[in-house]
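Scroll down for the structure; my scribbles are underneath it.
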Amino acid sequence: MMTKDYKYQHIAQNITRLIKTGVLKPGDKLPSIRTICQEQGISMNTAKRVYLELESKALIISRPQSGYFVAQVPLRQLPLPATSHPSGKDSRPLPVQLVSHVYKDMGKKNLTLFSIGIPAPELLPVAKLNKCLLKASRELKESSVGYESLQGNEKLRRAIARRSFMWGGSLSPDDIITTSGGMNAISLCMMALTKSGDTIATESPLYPGILQLAQSLGLRVLELPTHPQTGIDLQALKTVVKEIDLCLLVTNFSTPLGCCMPDENKKAVVELLEKHHVPLIEDDIYGDLYFGPSRPVSCKSFDKTGNVLWCSSVSKTLAPGYRVGWVSPGRYKEQLLRLKHLHVLSNTTITQEAVAGFLESGGYDHHLRRLRDILQTNCIHYTNTIASCFPAGTRISRPQGGLSLWVELQKGTDAAVLYEAAIRQKISIAPGRMFTLQKQFDNCMRLSLGLPWTEQLQRRLQQLGKIAGQL
């Protein structure tokens, strides 16, 4: 008699074989979970486990209220980018002019913005959010024009606290401070915990906004070796932990790599930093954009002493322009509240209330399921197009979630030159040079997955590959 585990694996392998041999074709609808139960004589939980396994391998996708379907195209895997090996010294400044040029492209309607890591407006529930804004304007005292409390909208903090149970956070509304977006949360944390000359350890590559912020505060940035799937090298962190004053990590689906730190590494990082009294800022802004069966836990899940400052926002998932973010600062709460009083005082009342209403209504989870489906399918389309149209020797990340794809071209290719050539063809990319203070990643670029996939977008990606091949 088959064990439950063996039966689940056997069924998943059979469906995989049918997909890879073309018996089940892209777009074909799969039997419902109830039908699988009846035909295979298995429980509902086992049937769900089969489909979750196939989803995690990007072989099938789920569509709310419609069922499960074979993914539109099978994934063609290119080699992974190399693990980063920063030297440990700030060898050159961030290319501020290049960063400015790339972000000036934001909002330009005549460009294909592979460079900007947010979901396109077409992928967001704009009409429903507008209804939430109208409802908020009717229900708020003082018609939403008054100051919000210093700690932030209570309804929003309550909704965030409830959602923390999804990843083992066990937060209460009083544990949370709202901010004007995710970067404002990180900025408050860094200002509260450091002084000029301190050292902050980060992954490498890293979002340029954080690098710019660290430099503006006079901090020394110590970039750590980072694997494109599992994140920072834990041994490297152990080696330097006595030299650092602060650590900042994007543990779930970091930009630009899309890597996700394993749970055991998260736990080890929390214990290591607590032992050496080094605070950890955890940027978990992409945690809800997972491609697998469930949301990954956060370092905050393992925090027993309040040493982890957990930051997030809805800027990458729901409403970039609303500037609604938050931080759970643990034992550093009073320090952050004092800084918020000096620098912000109050966040925008009506947008906080609208987001809180959307989260409470259940609309957020429905939207996230659709958005994750689109992003995962986009990742497959991008990967296949790059595999067929980019120059030989191209390597590409395999994100497990998030909004970014990291592309490594052959050594000697200058992605900054590629940016200049591509922008003349109305295509904007984010060169890898932006994501480091080290002499590395000159031949890399980040591409955003947050654009609706169309034939025109595919042609633009093919065009980008052709330009890269000509350099």
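The values are calculated or read from the model by the stated rules, or taken from the named source; none is laboratory data. Values in this document were obtained by computation on a predicted structure and should not be read as measured data. We place every Cβ from the backbone using ideal geometry, glycine too, and count neighbours over all the protein chains shown. To get the accessible areas, we keep the full protein, side chains included, count just its heavy atoms, and leave off ligands, DNA and RNA. Shrake-Rupley method; radii C 1.70, N 1.55, O 1.52, S 1.80 Å.
Worth a mention:
- Restricting the range 262-286 to residues that are assigned to a strand (DSSP E or B) and hydrophobic (A, V, I, L, M, F, W, C), the residue that is farthest from L403 (Cα to Cα) is L280.
- Residue in the range 89-104 that is under 20 Å from Q376 (Cβ atoms), open to solvent by less than 30 Å² (accessible area, probe 1.4 Å) and at pLDDT 80 or above present: no
- Hey, S144 modelled with pLDDT under 95, polar (S, T, N, Q) and buried (at least 17 other Cβ atoms within 10 Å of the Cβ) or not: yes
- Residues that are more than 20 Å from the chain's Cα centre (by Cα), buried (at least 16 other Cβ atoms within 10 Å of the Cβ) and hydroxyl-bearing (S, T, Y), drawn from the range 338-372: S346, T348, T349, T351
- Pairs meeting the criteria (first residue in the range 24-50 and under 22 Å from G292 (Cβ atoms), second residue of a type in the set (A, V, I, L, M, F, W, C) and open to solvent by 50 Å² or more (accessible area, probe 1.4 Å), beta carbons under 8 Å, at least 6 apart or on different chains) are L24/L18; I33/M44.
So that you can scan it fast, the table gives a plain yes or no per residue for (1) under 20 Å from S397 (Cβ atoms); (2) of a type in the set (S, T, Y); (3) more than 22 Å from the chain's Cα centre (by Cα):
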site: D198; (1), (2), (3): no, no, yes
site: E203; (1), (2), (3): yes, no, no
site: S216; (1), (2), (3): no, yes, yes
site: D233; (1), (2), (3): yes, no, no
site: D245; (1), (2), (3): no, no, yes
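- Qualifying residue in the range 410-428 (condition: in contact with a strand residue (DSSP E or B) (Cβ under 6 Å, 6 or more places away or on another chain) and within 18 Å of I118 (Cα to Cα)): yes
- Flag if A387 is more than 22 Å from the chain's Cα centre (by Cα), at pLDDT 95 or above and either in a loop (DSSP other than H, G, I, E, B) or not basic (K, R) (or both): no
- Complete set of residues in the range 113-141 that are among the polar types (S, T, N, Q) and open to solvent by less than 20 Å² (accessible area, probe 1.4 Å): S115
- For L309, the conditions (1) in a loop (DSSP other than H, G, I, E, B); (2) in contact with a Pro (Cβ under 8 Å, 6 or more places away or on another chain); (3) surrounded by 24 or more Cβ atoms within 10 Å (Cβ to Cβ) are fulfilled apart from (1).
- Cross-chain or 6+ apart pairs with Cβ under 9 Å, the range 204-225 first and more than 22 Å from A236 (Cβ to Cβ), then open to solvent by less than 30 Å² (accessible area, probe 1.4 Å) and assigned to a loop (DSSP other than H, G, I, E, B): Q212/L94; L213/L219; L217/T194; L217/D198; G218/T194; G218/D198
- Consider the range 380-394 and keep the residues that are closer than 11 Å to Q462 by Cα and polar (S, T, N, Q). The one that is surrounded by the fewest Cβ atoms within 10 Å (Cβ to Cβ) is S388.
- Members of the range 100-143 that are touching a Leu at 6+ places or on another chain (Cβ under 9 Å) and not in a loop (DSSP other than H, G, I, E, B): T112, L113, E122, L123, L129
- Of all residues in the range 416-468, those satisfying the criterion of being in contact with a helix residue (DSSP H, G or I) (Cβ under 9 Å, 6 or more places away or on another chain) and assigned to a strand (DSSP E or B) are I427, S428, A430, P431, C444, M445, R446, L447.
- Selection status of K300, outside any loop (DSSP other than H, G, I, E, B) and open to solvent by less than 10 Å² (accessible area, probe 1.4 Å): no
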